[in-house]
Structure formats: C-alpha cells, structure tokens
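The values are calculated or read from the model by the stated rules, or taken from the named source; none is laboratory data. As the structure is a prediction and not an experimental result, all values here were calculated from the model. Neighbour counts run over all protein chains shown; Cβ positions are idealised from the backbone, glycine included.
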Amino acid sequence: MHMGDHSADVLNGVTERRSVVLDESALDDWFRDGMSIALGGLATACHAMVAVRHIVRRRLKNLTVIGSAVGGLDVDLLIAAGCVRKVICPYVGAEALASIGPFYRAAAEHGEINVWECDEGQYYTGLQAAGQMLPFLPCRGGVGTSFPEINPDLKPFTDPVRGETLLAVPAIEPDVAVLHAAFADGYGNVQFVGTGYADRLLWRAATRTIVQVERIVSNEEIRKTPERTALLASAVLRAPYGAHPFSSPGFYLEDRAHIAELVEAGRRFARSGDRQPIEAYLTRYVDTAPTHVDYLEAVGLRRLFSLDEYTR
Amino acid sequence: MSAPATVKEVMATFIARDITDGEEVFVGTNLPVIRAGALLAHLHHGPNMRVMIAHTRTNLYHTPVMEHFQLLTDWRAGRWAEGYFNDHEVVFYQKSRRNSVFFVGALQIDAFGNSNLIGLGKDPHRLILRGPGAIATTTNASHVRRFYLYVNEHSPRVFVERCDFVSTVGWAGGGADARRRLGLPGGGPRYCITPLAILDFDEQSKRMRLFSVHPGVSVDQVRAQTGFELIVPSTVPLTSLPNAEELAILRGRVDPQGLLRA
C-alpha cells in the first residue's frame, strides 16, 4: 500500500490518548508575572484556591486579575499579597460576610490598583467578545451613566444598523482561566455539581484553562452523562477541598470562621495599616504550607469535616 | 393580637402590593425586605408569578415556608427551586427579562432617580470611599419593565443634588422621554423605598416626589433628610399597613426567622 508524505506526518508515533492531569508542582509552568488570569466561581463559592495560593506563594507581580462577575476574596488575597496591578470585575467581596474586600477597597482608594470599572453586563460582553474572537461587542447597559468617563475602554458609538447609541466593550482576553469544579476525567472533561456559574464563559474566553476538581473520575464515569460535560480543560488538578475557605456545591459549605480571619486581617490593615495579621495569615496558610495537603493540615480535619452541607 | 407591623414589614407590604400576578420579579441575596415583598406578593395574590431569588426560580404557592438564605451561592436554596440558572445567562439575555421587575440599591440617589454604587469622591481612581460597584444593576435597570430604588438609610448623604458618579440611570436629566432619548428600553424607576417614606416621580418632570410617609414619620422630617428639593404635594398620606392576612403570611411563611422584626 502506498503511503504519501502527508500520512507519514500524521503517524507521528503517538498511540495513546494523553492525560492532562497536572502534578501540583507543575503549576509553576502555568503562571508568570504580568499575566492576565481569570478566576472562576462566584462570590463565596468555587474559587480555585489551590492555584490562587500557589500564585500568592510565588508573589507573582503585575497580574491582571479577571475575577468572577461577583468576585470573591480570592481576588482580595491576591491584592493583599501584592500580586495585582489591575482588576477586571464588577465586585470584589464576600457579600454578607464582607460587603467589600478590605484589601481591594484600600488598594482602590489609594490608587495602588487599576480598577477596570464595569457592571456584570459589560463584563460578560467583553468575555463573550473574546470567546468569539471579536475586537468588541456592543452593550446597552452603561449608556447615560458615568462608566465611559471612568473607564475609557468602554466607548460610546452609534450602531450602524439602527442608529442607537451603545457602548463598545473591548474583548476581555484571559491568558489563562483558573476554575474549580466537582469532577473531571484525566482527559479534561469537566462536570459541575450545580450550574458552574459563568465558568464556561471564562473557559470560552481564555487561551488556556486549568480546572481543579474535587475528584478525578474515570472516563467511563463521564460517559454515563456526557450531556453534563461543561468544558474541556487544558489541565486538571486533583484538589479535594480545593475551594476552601469557599464552598463547593455538593461537597462542602464556606468556612465562615476562616473567612472571618482573613476579613479581620484586611480590616486591621485598612484601619491602621497594620500588616501583621495578614502576614501571619500568609505565613500560616500559604508560605509554610507549600502544598495543598500542607494547607489542609493547617486548616485541620475537624474543621473540614464540620463544613458538610446537610448534616448540621 | 399580634404585634404591630415594623417599618420593614410596611416596606415589604408596599412592594408586595405593587406587584401583580403573572409578573416576574428578580431579587438578589441578603435583601430581606425585598425578598419578603416579592414572596408576599407571590403567596398572597401571585400564584403565577415567576420569582427569581439569586439564581433560582421558585414557585412556592403550595409550599408552607421558605427559609431565608444569606449567600448568593448557597446551593441549598435549590430545595425551594424549580429552576437553577448560571450567572452569565441571567445577566446576558435581557430579552427574557424585559417584562420583569427589579430592585436597585445605592450609595447616592439624585432628584431624578439616577443612582451610584461605584463610590464617593471626585477622582474615580482615588475614591474617598470605594463602593461595592454596580454588580448587574446597570445592565438590568436599562432593560427591565420597571425597577424600584431601595435604600436602608434616608439621609442627605444618600439623597444628593448630584451623584458623584452614576452607575444606574433613572430619569437622567429629567422629563418623561429622558430614557427614550437615551435609547433605554426599560421602563425606569417607579418608586424609591426608604425607611422613612415612599417616593415616586412627577409624571412630566420625573423629579422625585413624596408619595407617602411611614407611620411615625413627618413630612418635615423627610424633607430635612433629603439633600435636594423634593416635590411635596399638599396632602401626603401614610404608607398603608399590612392587613392581618398579609402579616400572617409574612411572619408565618416568608420570614419565620424574624429578619424584618429584628
């Protein structure tokens, strides 16, 4: 049988499907100074904290952080550690547990970070533009407001079809999206318990996506419910309790005492410039806990077990 | 004989009576009064309402009690839900919300119902007070059938002549066609609900007007606590109180935890 050159190229010797499961130590290769990083989850749930703590531990600099639409204290922690230059998301906080992230507030008020002011509609429009490989998409929300004046990237223009004034929202293009989900197989097929918030949109917008999961399951398990597969990850990290101190639907609730410790450290800093509490926090939970297992040990099994959704 | 209605119960009842059966209502989380108003309307006279609380759509007409949950992402809220949606679809697809009712909070509100959640100060990059940000209010308030401004404080620092920044358009510079001129399809703010009073908007100028005062509050008090000149009609009624049936639903089914009585 004749084989052309083309077929020879195709038969490059790869005969096995490649696993995308990462070892935690390989996270180093994924993040560098100045990157644009999208963080999944929402508010007090499902932030990819193993990856976030990894970034904090390395004290990466000048990051553009695209928080979730209701950005959590994952963003606040990165700001506390001095990793952030620019924040793109409509909110940073923990709702009733902290109406605004204290480090975010202080850094914004002192001009130490650049806040790309937007509402959720504008934020999602920018991500959608990135996902569609468009330079911008139009948005109506913001017409008549101060947004274009505060954030000159939001440009009013006359729509050539109907003559309306709309805002052009430029594509928000994450270099990498960092998500936390319930399950994935070794090939990167990710399934959520719950809706997954807007994580699928972050995946669509980003160049590459890392997903930490509560449990890595078999490909056969994924194939039982293929309609539930939400996205295909570039890399998968095994991370039980990996959203802690935030909740992970189907697994555990947010750890309110731990969140309060972080918030209190932020409030101390905001009130008096005292960094001692946050430095103590970072030492205990990040710098002297070089791996996720070390972190979980620092938090303690008793605490982790108390976070069950339905038994208390 | 049950205890008299609290101000928060009065505010919730006002909201409830302004919502009709068949309407769709969007409520965020940790907003006990707004949540209670929407649920009271649903259980009292709105069996066909679509009630969205955070990401859940619920119908509780035959459900005895719905517990309050504090956090947006509390997955256990699904116990009361018949639908559970992801965040970006709820925000993105405004066409499906064009007939719905929404609520907007604010750090500042001006005489035409424009409002600010961004922060206080002159320089947006050096705010004196960084606010929570607009969340989804800008986009939602541009499109929904009508919205209500809701604040927990009625004072001259909230009701200001001019907002430092506008994150949500009310009636812009005033006039009944103000929103149409901006191309905003939504119906704009109908009422502003505060712990002292209900405010509405003059039909022509769309300037804010005193609609009713809550029990125990005087017209002069509202005027003094408002930082711009409010239109005050010659007679201002009291905000009406919940009746026995409404109070029973509020206390028994909507708010058994007593958040509105605290």
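What the table below lists for this structure:
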| item | result |
| --- | --- |
| Residues of region A:38-62 classified as buried (at least 24 other Cβ atoms within 10 Å of the Cβ), away from every other protein chain (no Cβ under 14 Å) and part of a loop (DSSP other than H, G, I, E, B), total | 1 |
| Options A:172, A:216: the member that is within 23 Å of residue A:93 (Cα to Cα) and in contact (Cβ under 8 Å) with a residue 40 or more places away in the chain | A:172 |
| Only one of A:240, A:245, A:290 that is part of a loop (DSSP other than H, G, I, E, B) and touching a strand residue (DSSP E or B) at 6+ places or on another chain (Cβ under 6 Å) | A:240 |
| Pick from region B:50-69, criterion among the charged types (D, E, K, R) and over 13 Å from residue B:87 (Cα atoms), ranking: farthest from the chain's Cα centre (by Cα) | B:67 |
| Some residue of region A:236-243 being farther than 28 Å from residue B:78 by Cα, surrounded by fewer than 21 Cβ atoms within 10 Å (Cβ to Cβ) and touching a residue at least 12 places away in the same chain (Cβ under 8 Å) | no |
| Pick from region A:87-107, criterion part of a helix (DSSP H, G or I) and in contact with a helix residue (DSSP H, G or I) (Cβ under 9 Å, 6 or more places away or on another chain), ranking: farthest from residue A:202 (Cα to Cα) | A:106 |
| Residue count, region B:177-188 (criterion: over 16 Å from the mean Cα position of the chain (by Cα) and part of a loop (DSSP other than H, G, I, E, B)) | 4 |
| In region B:54-81, the residues that are more than 14 Å from chain A (Cβ to nearest Cβ) and in a strand (DSSP E or B) | B:58 |
| Filter result for residue A:65 (over 21 Å from residue A:280 (Cα atoms), assigned by TED's automatic domain parsing to the domain that holds residue A:278 and either in contact with a Ser or Thr (Cβ under 6 Å, 6 or more places away or on another chain) or buried (at least 24 other Cβ atoms within 10 Å of the Cβ) (or both)) | yes |
| Among the residues listed as B:174, B:170, the single one being at pLDDT 95 or above, away from every other protein chain (no Cβ under 11 Å) and part of a loop (DSSP other than H, G, I, E, B) | B:174 |
| Residue within region B:6-14 that is surrounded by 22 or more Cβ atoms within 10 Å (Cβ to Cβ), away from chain A (no Cβ under 11 Å) and either in contact with a strand residue (DSSP E or B) (Cβ under 8 Å, 6 or more places away or on another chain) or part of a loop (DSSP other than H, G, I, E, B) (or both) present | yes |
| Candidates A:77, A:27, A:39 - the one that is farther than 24 Å from residue B:125 by Cβ and at pLDDT 95 or above | A:27 |
| Selection count, region A:288-312, where residues are among the acidic types (Asp, Glu) and surrounded by 15 or more Cβ atoms within 10 Å (Cβ to Cβ) | 1 |
| Close pairs (6 angstrom Cβ cut-off, 6 or more residues apart or separate chains): facing chain A (nearest Cβ under 8 Å) and in contact (Cβ under 8 Å) with a residue 12 or more places away in the chain in region B:135-149, surrounded by fewer than 24 Cβ atoms within 10 Å (Cβ to Cβ) and of a type in the set (Gly, Ala, Ser) anywhere | B:142/B:186; B:143/B:186 |
| Cβ-Cβ under 7 Å pairs, at least 6 apart or on other chains, region A:283-312 side within 14 Å of another protein chain (Cβ to nearest Cβ), far side at pLDDT 95 or above and surrounded by 11 or more Cβ atoms within 10 Å (Cβ to Cβ) | A:307/A:252; A:307/A:253; A:307/A:255; A:308/A:252; A:309/A:252; A:309/A:253 |
| Odd one out for residue B:37, checked against (1) surrounded by fewer than 22 Cβ atoms within 10 Å (Cβ to Cβ); (2) touching a Phe, Trp or Tyr at 6+ places or on another chain (Cβ under 8 Å) | (1) |
| Residues of region B:117-130 classified as crowded, with 21+ Cβ neighbours inside 10 Å, touching a Ser or Thr at 6+ places or on another chain (Cβ under 8 Å) and facing chain A (nearest Cβ under 8 Å), total | 1 |
| So residue A:263, is it under 28 Å from residue A:306 (Cα atoms), touching a residue at least 60 places away in the same chain (Cβ under 8 Å) and in contact with a Lys or Arg (Cβ under 7 Å, 6 or more places away or on another chain) | no |
| Strands (runs of 3 or more DSSP E) enclosed by region A:115-193 - at least 3 residues per element that are of a type outside the set (A, V, I, L, M, F, W, C) and buried (at least 24 other Cβ atoms within 10 Å of the Cβ) | none |
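Condition check ((1) within 8 Å of chain B (Cβ to nearest Cβ); (2) over 23 Å from the mean Cα position of the chain (by Cα); (3) closer than 30 Å to residue A:272 by Cβ) across all residues:
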{"site": "A:102", "(1), (2), (3)": "no, no, yes"}
{"site": "A:122", "(1), (2), (3)": "yes, no, no"}
{"site": "A:129", "(1), (2), (3)": "no, no, no"}
{"site": "A:133", "(1), (2), (3)": "no, no, no"}
{"site": "A:136", "(1), (2), (3)": "no, no, no"}
{"site": "A:163", "(1), (2), (3)": "no, yes, no"}
{"site": "A:169", "(1), (2), (3)": "no, no, no"}
